[in-house]
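This report refers to the structure that appears directly beneath it.
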Amino acid sequence: MKKFFWKYLFPPIYGLVFYTILRLVSDLTIEEKFWERRLRQNVAEVAVVILFSYAMVRVPVYFNCKFSKGNRRQQGNAVFLEFGQVFLTAIVLATVGSSIAHVLANDYPIGIDDLVIVNTLMSLFMLLHYAILRGNSFIKAYVEQKVLVEKIRNDQLLTELKFLKAQYHPHFLFNALNTIYFQMDENVMAAKQSVEKFSELLRYQLYDQQQTVSVSQEMRYLANFIQLQQTRASEKLRLTVHFDQNLDGQQVYPLLFLPLVENAFKYVGGDYQVSIDAGLQGSTIRLEVENGVPAEIPLKKEKGIGLENLKRRLELLYPDKHTLTAQKKENTFVAVLTIEYK
C-alpha cells in the first residue's frame, strides 16, 4: 500500500500543489480569479499538470540513482553538473508542458511572461526535490560507511582477542602435561586425578568460551588450576586461597584472572608462599595475588607474554573500567587486578 501511494498517488498530489502555487503567483500578477476562468482552460491545465507530475517526481529520483552510483565524494564541479542537468530537464518539461496546456486551453501559444513563471517554479520545485534526495543519499552513505568502519574495527578487535586468548593454551598445556608426566612415575592414582583436573580445565577453555561467563565459573576454573599446580609444587609451598562467597553470578570475560595466578606459581621463591584473594567490593571484582621471591635476586625487567596479553585484553574489554598493578616488595611480589563488572 505504501509503495502504491508513493508510485501512483503522490505524483498527482505533488503536481496539484505545484499548480496551486503556480496559479497563485500567476493570478496575482494579472489580478485574475481562478474560478472565473473558463472550465476548459482549468481542466486542460490540471490534466496536463497531473500528467507531467509523474515526470516531475521521477526525474529527480532518476538523477539521484544515477549519480549515487558514482563517486560519493563529489567535487564542486561535479555537483554543479548534477544540478545543471536537473535544471535543464526541468526547463524542458516546463516549456513542453506549459505550451501543451496553453494550446489546449486557449488555442494559441503561451506568452513569454507565463513561460518564465512556469519555468522558474518548475526548476525550483525539481531542484529542491533533488537536493533533498541527494542529501538523504549522502547521509545514508555516510552512515553506512561509519557502520562498515565500526564493523571492521570490531572484527579486528575480536580477531585480536581470540589470538591473545589462544596464546594462553600452549603454556598451560606444557605445564599440565609436564606435571602429569612426572606423576606417572611416582603415583599413578595422583596422575589420574591430575588428568581429570586437566580435562576440566581444557574443557572450559575449549567449550565454555561465551562472550561473558559468571565469575563463579572463573573461580571454579581457578580452583582446579590451583589444585593442579599444587600437585606439582614441593611440600614446602605455603598456599593461602580465599574466594569471596559473594562472587557468584556477576558477568565477566573469561580467563582474565589466570595469568596472575599462573605467574605466582611460576616465579614463587624465597619463603615459598603464595596468597590468592578474590573479593567483591560494590560493583568491582578485586583479585590480589602475592608470591614470595628471593630478596637478593632483582626482579626481571622484561615482561612475560601472559601479563602483556592480559593488559591488552583488559584495554579492549574493560577500557577505563579496570586497574592492574604489579610491584615487588622486599620479599614478595604483589599483583592486584580490579574490574568493574557489567
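What follows is calculated from the coordinates using simple rules that are stated; it is not laboratory data. Quick caveat, the model's predicted, so the values are computed rather than measured. Because the Cβ atoms are built from the backbone with ideal geometry, glycine has one as well, and the counts that use them run over all protein chains shown.
Sorted ascending by nearby beta carbons within 10 Å, beginning with the fewest, Glu45, Glu82, Glu150, Glu200 become Glu150, Glu200, Glu82, Glu45.
Charge dipole (Cα centre; +1 on Lys/Arg Cβ, -1 on Asp/Glu Cβ; no other charges) of the stretch 2-153 amounts to roughly 1200 debye. Here is the P(r) of the stretch 167-340: all C-alpha pair distances, binned every 10 Å from 0, give 9, 37, 38, 15, 1 in whole percents.
For the stretch 2-153, the Kirkwood estimate of hydrodynamic radius, built from reciprocal distances between every pair of different alpha carbons, is 17.2 Å.
Ordered by the count of other Cβ atoms within 10 Å of each Cβ, fewest first, Asp271, Asp107 give Asp107, Asp271.
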